[in-house]
Every structure is written in structure tokens, then in C-alpha cells.
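Enquirer: Would you mind keeping the following structure in view while I ask a few things?
The values are calculated or read from the model by the stated rules, or taken from the named source; none is laboratory data. Keep in mind the model is a prediction, meaning the values are calculated, not measured. All Cβ positions, glycine included, derive from the backbone under ideal geometry; neighbour counts span all protein chains shown.
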């Protein structure tokens, strides 16, 4: 195996890692004010893919119009999810376990509805304007511009999310709620409204993830669960709630997947991935960037 | 006369699940007045504060703030209406800086930048050590400093009523004095204070009126002088059965 092939694989791993990282970040967005995972996040990403395909490939809208529209639609779906699967449980003691079931149920409904409407066939979505799948080469590094666009958008969007949390009033309010919900209420912050907003924002981010992933993965109603699991593993390795941790964890698992399927065998891919996953958790149970004991009781 | 009553609680009952913790609580707090709630551990003091500030939903009772009926308001809205509750256990946002904590304390007021700076300055004048620690995470402060930050967070909102749940808990005596000195300033500024405390003597020396809570009910009330003469206070702390005192 040549160095060129190795670098091509590395770029491919980085690209896949960037997508997994965005999945992890979209989970984090809904997780922040609630400390609960939205199991339907994979379904929302799948919807983002399918709406991107409908709006760009079927209706022929320009990228700059179609993708924001897909984001708005999926944000609305996220909001509906919050209203019917999450909000009714606010008043039930110990509701956080019930959310696992209700959001999972919502996810199953989404995936089955999408399957009824669009079927399971993969659909082609063109790369974003200005980029292509044509191979370029600089020295021993080979890549295409569609890959670069995905990596750049992933980094930029994660940076934007981090900026929001740490440098805006609303973002800090979300951090406050995630640390101490009652304490935040005593400052006048309404956690329920932030939960609604976070489900909508998580939906929009999921749609963006689906939109930028669809040119290389193809849009399909079957992608949700697989991406959700990769996002989970990225978060478990990187540390729950940490967005840069999600990025590091995601790039690590994507590179392991890509390199192991070539250097070992495709059958070894999952085994190599889970072996590294277990090794990291054995050494750092809270993930590489997670802090132990987030909550004192 | 009624305009002077800043906090008026009547017939308050609340609990967790179906178990009532506090029942039939009525109290009044006037402008520039400080009152104390005394009682043993488990008497329901914190539950009472949580029910007044609507963190805990109430089973019965009305709450009026400066003459307005605020019974139906959520905890968040009550803060904006002028009721500040400094909860027990130094509820700060530990990962955020002192400065950011002060800013979040003003969230309910939706303040413009100049007002944030102005109120932050007030906090620093009240507790100068907060200025030196402004950029440090709140979790890195000592227990006493964290308590000062909690109090500053509440006071910079300029609340009509401030309720404090054991602000002196775990503090060195010199810091306990600093807490009371600060509260004295607050009282002189015309704000009303509701204090839950375990250091009974120091508290009775400070407040104008006190209520004794036992098993979730008010079993006695009076001025510090009246209460000091009755041994109901001591007995309430020891958790002994006490007949309900008839107050004329």
C-alpha cells in the first residue's frame, strides 16, 4: 500500500469523521438543556437528507435556498417532537427515562413514514455548488473539493455552535440550565422554552448534517440509525456535551473505520472500532474530554 | 398600609407527590423588614421557600408580592416580578466565570449592556473580592466567596423581597458577620428579607419578627424578645412535641 493511498484514506476518514462529529453535535444541542438524549436525532438527519434531495434534486431549488429550507422544515419537525414526545413528560417525576422511549417511538414513526413516502432506494444529491467529486492531487495528498467542503462546513458549524454557547446571553442560559435547572429558574431563565428552542435548533443542525452528507453517502431513509450510533460512539469517546470532544472522537472512529477496512479487512472494521471504543472508555470512562461527576447531589 | 406589605403568604401547602410537607403557612413581610423562619432540620423550611418561589408546585394557598397576586406565576416570572430566592447549597454555575454568573443573575431583567456593567459594579462594591476573581470559574471560589456571589447575584436584581436559605451554612464566623452586615444594608435600603437560618441567636438579634416551623406547620411566632422568653424555639429545634401556641 502506497503513501498516496494512505493519504487518500485519511482524507476520506476526515470527511466521514466531520459528518459523524456533526451528528454528535446535533445530539449535544438537544442534550444540553435536558440532559436527555433525543433518540430521534438519527431520524431527523435522515429527514434532512430526504428533504435536501426533494428540494434540490426533484424541485431543482438552488443549494443556498434549498438547504436552509430543509433546515427550517426539520427544525419544525424537531419542535413537533418536543411538543408531543417530550413536553407532556415534564411534570412526571423521573421523566428522563421515559424520554428514551417516547423519542425512540417518534424516531420509528419518522423512519417508517419516510419509508412509505420515498422508499429505501438511495437517491443522488449533487455536491454543493462550486465543489465536485473530481479527484485532485497535490504531491501525495489526493482529495476532491466536495470532501473539503464537508470538512470546512463541519468545523465552521461546530465553531458557530460553541461561539453561541460561550459568547451569547441565550447560549450561557442554556449552559446554566444544563448545570442546574432549578438554579437557572431562580435567575429567571425558563428551561422549558430553552428545551423547545434546543429541539428546534437540534433539528436544524441535523438537517444541515444530512444535507452536507448526502452527496457522498447518498440520501436514503435507511441511514438514520447507523449515523445515530456513530454519533453516540463519537460522544462517548469525546465526552458527553463536549462539541470539540465530539469532533475528536468522530475523526478517530472514522479514521479507524476507513483504515481498518483497507489494511485489515472490511469484516474487521466494526471489531477494530469497538475495540478502540472500549479501550478509550476503560482508560477514561468519561471520554477524552469529559469531566467526571458533572452533577453533585 | 397594605402597600407596605411586600410579601403576603396565606394558607400555603405543598409537598412532594401526595405527601404534604408544609401546611397552612401564613406570613407577612413588610418593606424594610427582616423576618426569620426557624426550625429543626426537616421541619419544612426549604420546602416552604421553594413553594413560595414556585420552584415547587403548591397544593393550596395564595402569594401576594407588593400587593399583586402572583399565585399563578412561574418561578422564572416571579424573579422578574421582584422575588429573589437564594437557595441552599450555593447554587452557582460552577463552570462559568464570576462575571458570567453575575450577568446570568440579571437574566430575568433582560438588561442592556450598560445596566449589566452598572449592576456588576454594585456587586463588586458590596463584595470587593469578587472583582479580583471576576474571570475565574465560580467553582474555584471558596465556600464563603461562593456564598457572597450567590447573594450578590440576587441583590443586583434589586428585588422587592429576598429570601435566603441558610446563607451562613458552613461559613467561618467572620464571614457569617459579613453576611449579616450586608443584609443590614439591604434592609436599610428598604428591601424586605426572609431568612431561613440555623444560627438562632445571631438571627434573632438581626430580624424584626420570626416564625417557628415544626413538622411543616407554624407553631409559634413573635418578636425576637417574645420568642427568646418562650422555650418553644429551643424545643422546636430539639424536635420535641410542642402544643400549638395561641397567639393573640
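Enquirer: Would you be able to tell me the number of residues in segment A:168-198 that are assigned to a helix (DSSP H, G or I) and at the interface with chain B (Cβ under 7 Å from one of its Cβ atoms)?
Expert: Quick first cut of segment A:168-198, residues assigned to a helix (DSSP H, G or I) only: A:169-179, A:181-185, A:191-198.
If we keep only those that are at the interface with chain B (Cβ under 7 Å from one of its Cβ atoms) as well, we get A:172-173, A:175-176, A:179, A:182-183, A:185.
Count: 8.
Enquirer: Touching a helix residue (DSSP H, G or I) at 6+ places or on another chain (Cβ under 8 Å) and free of Cβ contacts under 8 Å to residues at least 40 places away in the same chain - does that describe any residue in segment A:24-38?
Expert: Checked against the condition, which is being touching a helix residue (DSSP H, G or I) at 6+ places or on another chain (Cβ under 8 Å) and free of Cβ contacts under 8 Å to residues at least 40 places away in the same chain, segment A:24-38 yields no hits at all.
Enquirer: Here's something else I'd like to know. If residue B:10 passes every condition in (1) facing another protein chain (nearest Cβ under 9 Å); (2) farther than 25 Å from residue B:150 by Cβ; (3) at pLDDT 90 or above but one, which one does it miss?
Expert: The one condition residue B:10 does not meet is (1).
Enquirer: Tell me, please, whether a residue that is more than 23 Å from residue A:38 (Cα to Cα) and not in a loop (DSSP other than H, G, I, E, B) can be found in segment A:281-296.
Expert: For segment A:281-296, residues more than 23 Å from residue A:38 (Cα to Cα) and not in a loop (DSSP other than H, G, I, E, B): present.
Enquirer: With segment B:61-155 as the region, which helices (runs of 4 or more DSSP H) entirely inside it contain at least 1 residues that are away from chain A (no Cβ under 12 Å) and surrounded by 15 or more Cβ atoms within 10 Å (Cβ to Cβ)? Working first, answer last.
Expert: On the way: elements: B:75-81, B:98-105, B:113-126, B:129-132, B:143-155.
Qualifying helices (runs of 4 or more DSSP H): B:98-105, B:113-126, B:129-132, B:143-155.
Enquirer: Failed condition for residue A:141, given (1) within 22 Å of the chain's Cα centre (by Cα); (2) more than 13 Å from chain B (Cβ to nearest Cβ), with all others met?
Expert: Failing condition for residue A:141: (1).
Enquirer: Out of curiosity, is residue A:220 closer than 30 Å to residue B:86 by Cα, buried (at least 19 other Cβ atoms within 10 Å of the Cβ) and away from chain B (no Cβ under 14 Å)?
Expert: Working: closer than 30 Å to residue B:86 by Cα: no; buried (at least 19 other Cβ atoms within 10 Å of the Cβ): yes; away from chain B (no Cβ under 14 Å): yes.
No.
Enquirer: State whether one or more residues within segment B:22-36 are within 13 Å of chain A (Cβ to nearest Cβ), at pLDDT below 95 and under 16 Å from residue B:159 (Cα atoms). Break it down into steps so the answer makes sense when it comes.
Expert: So in segment B:22-36, the residues within 13 Å of chain A (Cβ to nearest Cβ) come out as none.
No, the conditions are met nowhere in segment B:22-36.
Enquirer: Which of the residues spanning segment B:41-57 are touching a strand residue (DSSP E or B) at 6+ places or on another chain (Cβ under 7 Å) and away from chain A (no Cβ under 14 Å)?
Expert: Once the filter is applied, which keeps residues that are touching a strand residue (DSSP E or B) at 6+ places or on another chain (Cβ under 7 Å) and away from chain A (no Cβ under 14 Å), segment B:41-57 yields B:43, B:44, B:45, B:48.
Enquirer: Follow-up. Tell me, which residue of segment B:64-74 that is in contact with a helix residue (DSSP H, G or I) (Cβ under 7 Å, 6 or more places away or on another chain) and touching a residue at least 40 places away in the same chain (Cβ under 8 Å) is nearest to residue B:22 (Cα to Cα)?
Expert: B:65
Enquirer: If I filter segment A:222-231 for residues that are under 26 Å from residue A:44 (Cα atoms), modelled with pLDDT under 85 and assigned to a loop (DSSP other than H, G, I, E, B), do I get at least one hit? Talk me through it step by step, then tell me what you get.
Expert: If we filter segment A:222-231 for residues that are under 26 Å from residue A:44 (Cα atoms), which is where we start, we get A:222-231.
Next, only the ones that are modelled with pLDDT under 85 stay: A:223.
From what's left, assigned to a loop (DSSP other than H, G, I, E, B): A:223.
Yes, because at least one residue in segment A:222-231 is under 26 Å from residue A:44 (Cα atoms), modelled with pLDDT under 85 and assigned to a loop (DSSP other than H, G, I, E, B).
Enquirer: For residue A:77, which of the numbered conditions (1) modelled with pLDDT under 95; (2) buried (at least 16 other Cβ atoms within 10 Å of the Cβ) fails to hold?
Expert: Status for residue A:77: all satisfied but (1).
Residues are listed down the side, and each one gets a yes or a no for (1) in contact with a helix residue (DSSP H, G or I) (Cβ under 9 Å, 6 or more places away or on another chain); (2) without any contact (Cβ under 8 Å) to a residue 12 or more places away in the chain; (3) on the phi < 0 side of the Ramachandran plot:
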| site | (1), (2), (3) |
| --- | --- |
| B:40 | yes, no, yes |
| B:55 | yes, no, yes |
| B:62 | no, no, yes |
| B:80 | yes, no, yes |
| B:108 | yes, no, yes |
| B:115 | yes, yes, yes |
| B:133 | yes, no, yes |
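Enquirer: Which one of these does residue B:168 not meet: (1) in a loop (DSSP other than H, G, I, E, B); (2) at the interface with chain A (Cβ under 9 Å from one of its Cβ atoms)?
Expert: Unmet for residue B:168, out of (1) in a loop (DSSP other than H, G, I, E, B); (2) at the interface with chain A (Cβ under 9 Å from one of its Cβ atoms): (2).
Enquirer: For residue B:137, are the conditions met, namely being over 30 Å from residue B:40 (Cβ atoms) and out of contact with any helix residue (DSSP H, G or I) (no Cβ under 9 Å at 6 or more places or on another chain)?
Expert: On the way: over 30 Å from residue B:40 (Cβ atoms): yes; out of contact with any helix residue (DSSP H, G or I) (no Cβ under 9 Å at 6 or more places or on another chain): no.
Against the criterion (over 30 Å from residue B:40 (Cβ atoms) and out of contact with any helix residue (DSSP H, G or I) (no Cβ under 9 Å at 6 or more places or on another chain)), residue B:137 does not qualify.
Enquirer: Quick check on residue A:212: is it part of a helix (DSSP H, G or I) and either within 14 Å of chain B (Cβ to nearest Cβ) or crowded, with 24+ Cβ neighbours inside 10 Å (or both)?
Expert: Criteria met by residue A:212.
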